[in-house]
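Heads up, the thing below is written out as structure tokens.
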Amino acid sequence: MAASTASAPDAYLRELPPDRAAELAVVRSAVGAAMPEGFVETMGHGMITWVVPLEVAPETYNGKPLMIAGLAAQKNYSTLHLLPLYTGAVMSEADFRARWSAARPPDLGKGCLRFRSASDLDLDLVGEVVSACSVERFVQIMTAGRTTR
């Protein structure tokens, strides 16, 4: 699938075939329910994203809001990007794999969790990863390695 140009998450889901939209809606709901206060759901990078608003953290490396999570439909699967997992801020990838309780083992890429159906995911564990970082903590983690000039 080409990157979406939808301006809102609901519009993004309407672009998808109904079965794909339904699966993403389940994951979107679970991530949104676990998301700490202060993060905002929006569109970014052609996918549904949850970000720190620029009003809260305006000085980012690329001038765009800091993304904590993203959800997208690809050609043959869907992806869930969980930045706290990939920064090690919440738990290591090894711990995540060990705690995974879904029927299938997690399909972790370099920057995302791939799935075909919401039932492929351990949504409780995903929720735990998402809910573990406040906006303040996430901004601290994401800016810790950046140097100012």
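Selection within the stretch 89-116: residues that are without any contact (Cβ under 8 Å) to a residue 24 or more places away in the chain, surrounded by 12 or more Cβ atoms within 10 Å (Cβ to Cβ) and not acidic (Asp, Glu). The member of this set that is farthest from VAL26 (Cα to Cα) is ARG97.
Among the candidates TYR86, TYR77, the residue that is farther than 13 Å from VAL126 by Cα and among the aromatic types (Phe, Trp, Tyr) is uniquely TYR77.
Criterion first (closer than 30 Å to ARG14 by Cβ and among the β-branched types (Val, Ile, Thr)) does VAL139 satisfy it? Quick ask: steps written out before the conclusion?
Values: closer than 30 Å to ARG14 by Cβ: no; among the β-branched types (Val, Ile, Thr): yes.
Against the criterion (closer than 30 Å to ARG14 by Cβ and among the β-branched types (Val, Ile, Thr)), VAL139 does not qualify.
If you go through the stretch 50-86 and keep only what is surrounded by 18 or more Cβ atoms within 10 Å (Cβ to Cβ), out of contact with any Cys (no Cβ under 7 Å at 6 or more places or on another chain), of a type in the set (A, V, I, L, M, F, W, C) and at pLDDT 90 or above, you end up with TRP50, VAL51, VAL52, ALA57, LEU66, MET67, ALA69, LEU71, ALA72, ALA73, LEU82, LEU83. Screening LEU125, LEU80, LEU54 for residues that are hydrophobic (A, V, I, L, M, F, W, C), outside any loop (DSSP other than H, G, I, E, B) and closer than 24 Å to ALA3 by Cα leaves exactly one candidate, LEU80. Scanning the stretch 118-149 for residues that are buried (at least 16 other Cβ atoms within 10 Å of the Cβ) and more than 25 Å from GLU37 (Cα to Cα) yields one hit, ASP120.
Search the stretch 34-48 for residues being assigned to a strand (DSSP E or B) and in contact with a helix residue (DSSP H, G or I) (Cβ under 9 Å, 6 or more places away or on another chain), and hand back the single one that is nearest to ARG137 (Cα to Cα).
Let us first name the residues in the stretch 34-48 that are assigned to a strand (DSSP E or B), namely 40-44, 47-48.
Remaining after also requiring in contact with a helix residue (DSSP H, G or I) (Cβ under 9 Å, 6 or more places away or on another chain): 41-43, 47-48.
Values: GLU41: 18, THR42: 20, MET43: 22, MET47: 24, ILE48: 22 Å.
The extreme case among them is GLU41.
The values are calculated or read from the model by the stated rules, or taken from the named source; none is laboratory data. Nothing here was measured: the structure is a model prediction, and the numbers come from that model. With ideal geometry, Cβ positions are generated from the backbone for all residues, glycine too; neighbour counts draw on all protein chains shown.
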